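What follows is a short report on a single structure.
The values are calculated or read from the model by the stated rules, or taken from the named source; none is laboratory data. Owing to the predicted nature of the structure, the values given are computational and were not obtained by experimental measurement. Quick reminder, even Gly has a Cβ in these numbers, built from the backbone with ideal geometry, and neighbours come from all protein chains shown.
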Amino acid sequence: MFSSSARTLSYCFFVLLLLLGIGTFSCKEEKPVHHTVVFKPTPIEPEDTIQYPNALITALNRKNKWVDSVFKRLTPDERITQLMMIEVFSNQGPKHEQDVLNLIRRYKVGGIVLFQGGPVRQAKLTNKLQAASKVPLLIGMDAENGIGMRMDSAMQYPLPMLLGAINNDSLIYRMGAEMAYEFKRLGMHLNFAPVVDVNNNPQNPIISYRSFGENKEDVSSKSLAQMLGMQDNGIIATAKHFPGHGDTDVDSHYDLPVIPYGRDRLDSLELYPFRHLIQSGVGGMMVGHIHMPKLDSTANLPASLSKPIVTGLLRKELDFAGLIFTDAMVMKGVTKYFKPGEAEVMALEAGNDVLERLVSVPKALAAIKKAIREGRLSQKEIDRRCKKVLAAKHWVGLNHYQPVPLDSLYQDLHKSRAHETLRRLAEGSLTLLKNKKHQIPVENRKRRSIASLAVGASSTTVFQKRIKNHLTVKEFFLPRKSNVKYIKKLRKELLKYDLILLSIYGPSIRPSNSLGLGPEERALINELSRKKRSVVVLFDNAYILDHFPDIHQATSILVGYQQLPAIQAAAASLVVGNLEPAGKLPVTVNKHFRYGDGL
């Protein structure tokens, strides 16, 4: 049963949003066009269709007429493949599309995970794949900051590090609700988010800005807000990467990270937010490809394939009754040590419900059938998990499947309320770490020259454009890989100015672990921070501050965390005094910039 405390907490979020004038968001869509359903289960009574978003865990584990009617029509092989989700791209052409269709028609896989493409292309492909499927497909996406993380022409919300700086969790709930609306509009049902890893290792190459921060209470409360925003609006949330991927310096996409800590450490830190979300009714849990020898000493065994971790710790000890997903089975954290087929058998033996992104569906199916014949796996246990997956499909409404309407799709994915949510998130996150002599707000003054230097850019940025609306400035640029001659000339020019607005950008719209700047470029930033009256605005990963030994000497330092246009616009407003800083640093960067800092 969903705990009374979780229901109370969800209700409190709802009341808080009403008081703030936010309210819940309508997910009403256009009336869908008529279609032909390939699979027609036995009709069910109307009361069986009533859903309560926060009763997801209960729904996954209770008897359901629709589930039973579908299950009876599945062969033993199809009950196995209902536990598989394969990857799909809408931008890889006809051959990829045909390969996916073949897997759906021949093997009756249970779901798909969508990746790169565009909304209209994806919607058309989704409709085609659903029409080909015997049972409606459960469709997921790894969209930690919304569908724009994976596709073009869609909203990108901030990543968790920025959200970790915000002091108003109701804004994160609101973002989760908007993400749910966009998922449903595109015919999707499951998000592999939130990330609930506590990132307490600044050298972490894979989690870093994908975490809400280094404080377990912050990670718990903010991931809970995002989870409730999604599940209260009909999208299954999946907490990851159990039992905690925050303290590693290895990327599990390329190798198997080893986390050497035992239960005392895990209980006090890593498991804290997972427990919190389990108690609050999170529907899904993704188990990471991380080796934890203190929990399972089997050589090179990732947690995702470990029965003591998946069944012993997660299922039994933490009493998690939702869907357990493996992390992608194509990642080197698994494939480096275990062959396709055997890895999937081990994942099911460990206690996972769903196998995500398999290397080979035929190899996995053959190996699982062999394991059943040999007694390593039981058909009864496969059947139980199959019914659980079908129950999830019922909860998201696939018992009344309708194709994705294509009309007004782009407009529906760019609602004004979504842009308003993004603006409020951006403004609430800006973190002013230093403001010597009240340099901010910056004003035009007689006989004071101001230079605006964009590091990592070669043309005018959104921040610079907004600044020019208020201040008289001269624009300069320091692109990556600038030659030494250009840097020397630029240095000579900049040293003539009384004040420098120094904005720093990473190589992409996502935060980075490295700016890609050469030693001469970094030296210029350090020198300007030391010698000149300067306002530094970082539109990237907060940990980047540690790449500049002298940047703490700048007159003012503002962290924006990402270079999304809404964040750049908010930062410009703050610099000229039209916005008050409200954010707090969610991580410790070094001795100069610590967790909780923010004026």
Which of (1) at pLDDT 95 or above; (2) exposed (fewer than 13 other Cβ atoms within 10 Å of the Cβ); (3) closer than 20 Å to Lys124 by Cβ is the odd one out, the single condition Gly93 does not satisfy?
(1)
State whether the residues of the range 340-359 include one that is surrounded by fewer than 20 Cβ atoms within 10 Å (Cβ to Cβ), free of Cβ contacts under 8 Å to residues at least 24 places away in the same chain and in the same structural domain as Tyr107 (by TED's automatic domain parsing).
no
Leading residue by the ranking (nearest to the chain's Cα centre (by Cα)) among those in the range 315-334 that are closer than 23 Å to Gln279 by Cβ and part of a helix (DSSP H, G or I):
Arg315
What residue, of Asp267, Asp232, is farther than 24 Å from Ala392 by Cα and of a type in the set (D, E, K, R)?
Asp267
Could you say which residue among Leu599, Leu585 is crowded, with 21+ Cβ neighbours inside 10 Å, in contact with a strand residue (DSSP E or B) (Cβ under 7 Å, 6 or more places away or on another chain), part of a loop (DSSP other than H, G, I, E, B) and of a type in the set (A, V, I, L, M)?
Leu585
Pick from the range 309-345 the residues that are touching a Leu at 6+ places or on another chain (Cβ under 6 Å) and closer than 20 Å to Ala364 by Cα: which of them is modelled with the lowest pLDDT?
Gly333
Please go through the range 172-189 and give me each residue that is hydrophobic (A, V, I, L, M, F, W, C) and under 16 Å from the mean Cα position of the chain (by Cα), ordered by number.
Ile172, Met175, Ala177, Met179, Ala180, Phe183, Met188
Please pick out the residue among Lys380, Lys387, Lys437 that is modelled with pLDDT under 95 and either closer than 30 Å to Phe242 by Cα or in a helix (DSSP H, G or I) (or both).
Lys437
Give the range 291-309 a look and list any residue that's buried (at least 19 other Cβ atoms within 10 Å of the Cβ) and in contact with a helix residue (DSSP H, G or I) (Cβ under 7 Å, 6 or more places away or on another chain), or say none.
Met292, Leu295, Asp296, Pro302, Ala303, Ser304, Leu305, Ser306, Ile309
Tell me which residues, restricted to the range 572-599, are under 27 Å from Val198 (Cα atoms) and in contact with a helix residue (DSSP H, G or I) (Cβ under 8 Å, 6 or more places away or on another chain).
Pro581, Ala582, Gly583, Leu585, Pro586, Val587, Val589, Asn590, His592, Phe593
Can you tell me which residue is surrounded by the fewest Cβ atoms within 10 Å (Cβ to Cβ) among those in the range 440-477 that are assigned to a helix (DSSP H, G or I) and hydrophobic (A, V, I, L, M, F, W, C)?
Val462
Ile50 passes all but one of the listed conditions (1) closer than 27 Å to Met151 by Cα; (2) modelled with pLDDT under 95; (3) of a type in the set (A, V, I, L, M); the exception is number (1)
Restricting the search to the range 498-540, which residues are over 17 Å from Ala457 (Cβ atoms) and either touching a residue at least 40 places away in the same chain (Cβ under 8 Å) or in contact with a His (Cβ under 7 Å, 6 or more places away or on another chain) (or both)?
Asp498, Leu499, Asn513, Arg533
Among the residues of the range 494-508, is any surrounded by 15 or more Cβ atoms within 10 Å (Cβ to Cβ), under 31 Å from the mean Cα position of the chain (by Cα) and more than 14 Å from Ala554 (Cβ to Cβ)?
yes
How about the range 394-427: which of its residues are in contact with a Pro (Cβ under 9 Å, 6 or more places away or on another chain), part of a loop (DSSP other than H, G, I, E, B) and among the hydroxyl-bearing types (Ser, Thr, Tyr)?
Tyr401
Flag for Ser508 being assigned to a loop (DSSP other than H, G, I, E, B), polar (S, T, N, Q) and over 30 Å from Pro202 (Cβ atoms)
no
Give the range 549-580 a look and list any residue that's in a loop (DSSP other than H, G, I, E, B) and either surrounded by fewer than 21 Cβ atoms within 10 Å (Cβ to Cβ) or among the polar types (S, T, N, Q) (or both), or say none.
Pro549, Asp550, Thr555, Gln562, Gln563, Val576, Gly577, Asn578, Leu579, Glu580
For the range 536-580, how many residues are within 25 Å of the chain's Cα centre (by Cα) and farther than 15 Å from Ser512 by Cα?
9
